[in-house]
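Q: After the structure tokens below, expect a handful of questions from me.
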Amino acid sequence: MNHENQQNKLEILTYTLGPAETNAYLVGDPLSKSAVVIDPAWNGDLLLSEAKKRDWRISYLWLTHAHFDHFGGAAKIADSSSKLIEVALHAKDQALWRALGGASFFGFPGFDPGPEPTIPLAEGMHLQLGEHTFVVHHTPGHTPGHVIFVLQDQHVVFCGDLIFKQGVGRTDLPGGDWPSLEKSIHQHILTLTDDFILYPGHGPETTVGEERISNPFIGSSENMP
């Protein structure tokens with residue numbers, strides 16, 4: 001049984017792309033040959049090429065949130081694909097997406113955002129990739145509609161800009177809120193077991209256990225709601 005589970009594991013490829021060095025994740029199911037890109041940060045043609053090398057078909061783009069550096073590559077993937085690609089985003093970040101994710105604030109006045117999100121993500125929603133189920137958790141704080149994707153069977157979390165290795169997401173940008181961010185981390189990250197791997201929006205991967213011990217921004221959960 002364990003050998004079979006190993007064969008059925010999703011393959012996770014990380015690409016650090018764009019002006020903010022954002023992590024884009026190409027996640028493929030070797031059995032069904034289906035794939036998703038979580039946060040198509042930049043260089044969409046590269047992500048599409050990497051999928052084609054493996055004979056994977058990208059069907060969806062899942063966004064943890066709508067800052068421009070997390071979907072700058074969406075248009076290239078959609079335009080170059082031979083099939084319709086749907087975009088998933090929480091409704092509370094739709095306005096930010098329409099404003100091009102604050103790109104002008106960082107000196108990027110315009111770019112093609114790609115297909116408008118048509119899959120409204122929500123707390124507790126299940127997303128499928130082959131036989132694997134991802135659970136969506138709404139984790140506001142960095143943005144109002146920020147979400148994470150939890151892959152329970154592999155003990156993996158795609159956590160966007162909620163938490164990083166020894167860091168957390170900014171709350172000084174429009175829509176940011178520190179109490180909400182702190183609550184999101186305590187409710188949806190620190191409740192996981194220490195062996196869960198965290199794949200963040202920036203920087204190297206880490207684990208829940210490492211951050212529980214060494215992250216200076218994580219305080220005691222005793223007084224958290």
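Every read-out reported here was derived from the displayed coordinates using simple, explicitly stated rules and does not represent laboratory data. On a predicted model such as this, the values are computed, not experimentally measured, just so you know. Virtual Cβ from ideal backbone geometry, glycine too; neighbours counted across all protein chains shown.
Q: What is the fewest-to-most order of 58, 197 by other Cβ atoms lying within 10 Å of their Cβ?
A: Details: 58 25, 197 17.
Going from sparsest to densest Cβ surroundings: 197, 58.
Q: Points 7 angstrom from Cα along the Cβ direction at residue 8 and residue 122: gap in nanometres?
A: Roughly 2.8 nm, to one decimal.
Q: Another question, then. Can you tell me which aspartates and glutamates have their Cα less than 12 Å from the Cα of residue 165? Leave out same-chain residues fewer than eight positions away.
A: 205, 210, 211
Q: Another question, if that's okay. Express the relative contact order of the chain as a whole percentage, based on alpha carbon pairs under 8 Å and six or more residues apart in sequence. Write out the running numbers ahead of the final one.
A: Numbers: 508 pairs, mean separation 32.5, N = 225.
After rounding, I find 14 percent.
Q: Take the residue pairs 53/76; 9/92; 9/53; 33/83; 92/183 and return only those whose Cα atoms are more than 21 Å apart.
A: On the way: 53/76 17 Å; 9/92 32 Å; 9/53 19 Å; 33/83 14 Å; 92/183 17 Å.
Violating the 21 Å limit, Cα to Cα: 9/92.
Q: Using the Cβ atoms and a cut-off under 10 Å, what net charge is assigned to the surroundings of residue 39, where Lys and Arg are +1 and Asp and Glu are -1? Walk me through the intermediate numbers first.
A: Details: positive: none; negative: 69, 161.
Cβ neighbours under 10 Å give a net charge of -2.
Q: Then there is this: What aspartates and glutamates does residue 52 reach when the alpha-carbon gap must be under 20 Å and sequence neighbours fewer than 8 apart in one chain are set aside?
A: 11, 29, 39, 79, 86
Q: Taking every DSSP beta bridge with both residues inside the chain, roughly what % is antiparallel (nearest 5)? Show your work: numbers first, answer last.
A: Details: 27 of 42 bridges.
Of the beta bridges lying entirely in the chain, close to 65 percent run antiparallel.
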